[in-house]
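Written below as structure tokens is the structure these notes are about.
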Amino acid sequence: MHPIDVILNRRSVKKYQNKKVPWDNIAAILQCALNAPQAGNIYNNKFITVRSPEKINSIAGACHGQYWISTAPVVIVVVSEPEHLKHLYGTRGEKLFTIQNAAACTMNMILAAEFMGLSTCWVGAFDEDKLRGILGMPEEVNVMTVLPLGYADEKPPKPGKPNFKNNCYHERFWAGSKMPPYGYYSVEVEKAVKATQEAVKKIADNTFERLKEKVLRHKK
């Protein structure tokens with residue numbers, strides 16, 4: 001599969017088959033995480049692999065009751081040690097670079113899993129203190145993402161994505177994108193506006209036809 005196809009075909013899956021994921025595949029996915037770009041090439045992320053059904057169920061509860069996570073045979077929890085980057089880069093390292101590092105690792109794992117025929121879903125809603133207790137983490141370590149992993153038991157439809165011209169600019173903000181007078185808009189708003197314009201045109205055309213008929217009758 002071409003890398004671009006992997007990116008374009010990926011879906012967030014919330015239902016998994018009752019099928020074990022080989023450890024070799026998990027190890028390969030983790031290796032891809034360790035090859036993600038990192039600020040200063042400093043890896044302040046750690047990865048906790050959970051395969052115990054009981055613990056996965058506890059993690060699902062700590063993710064604000066997202067118990068669909070319990071259907072996944074594997075959960076990888078990405079955690080970070082922000083002090084490592086704060087020491088070198090100050091607040092920016094602690095607050096921004098740490099998040100970027102974790103995000104890069106998470107995305108690498110998602111794409112690697114997709115390439116292997118596995119599915120995932122990026123989970124960012126959780127009670128961090130509860131997860132710390134479940135995973136035996138010290139207070140200075142932060143939970144960044146929870147990544148359920150397994151073989152999909154559903155085929156989610158492709159969700160709507162932004163229009164290229166509305167989100168991609170040239171050289172500077174807004175440049176290269178012809179924006180209508182109503183300003184920034186989403187794809188759904190764009191569709192609604194087009195539908196309204198078509199409806200107005202249809203009404204105008206009908207009105208014109210009726211007016212034309214009246215004029216012709218008057219001439220007779």
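The values are calculated or read from the model by the stated rules, or taken from the named source; none is laboratory data. Bear in mind that the values here come from a model prediction, so they are computed numbers and not experimental data. Note that each Cβ is placed from the backbone with ideal geometry, even for glycine, and that neighbours are counted across all protein chains shown.
Taking residue 155 as the residue in question, decide whether it is touching a residue at least 40 places away in the same chain (Cβ under 8 Å) and not assigned by TED's automatic domain parsing to the domain that holds residue 15. Yes. When 98, 49, 106 are checked against the criterion of being under 22 Å from residue 152 (Cα atoms), of a type in the set (Ser, Thr, Tyr), in contact (Cβ under 8 Å) with a residue 24 or more places away in the chain and crowded, with 18+ Cβ neighbours inside 10 Å, a single residue qualifies: 106.
Screening residue 54 against (1) at pLDDT 95 or above; (2) under 30 Å from residue 157 (Cα atoms) leaves a single unmet condition, (2). Restrict the check to the stretch 63-76 and report whether at least one residue is surrounded by fewer than 17 Cβ atoms within 10 Å (Cβ to Cβ) and touching a Ser or Thr at 6+ places or on another chain (Cβ under 8 Å). No, because not a single residue in the stretch 63-76 is surrounded by fewer than 17 Cβ atoms within 10 Å (Cβ to Cβ) and touching a Ser or Thr at 6+ places or on another chain (Cβ under 8 Å). Listed here are the helices (runs of 4 or more DSSP H) enclosed by the stretch 40-145 that have at least 3 residues being within 20 Å of residue 11 (Cα to Cα): 98-115.
Could you grab me the full set of residues in the stretch 3-39 that are outside any helix (DSSP H, G or I) and charged (D, E, K, R)?
First, the residues of the stretch 3-39 that are outside any helix (DSSP H, G or I): 10-22, 34-38.
Listed by number, the residues that qualify are 10, 11, 14, 15, 19, 20.
Being within 24 Å of residue 40 (Cβ to Cβ) and at pLDDT 95 or above holds for only one residue in 105, 121, and it is 105.
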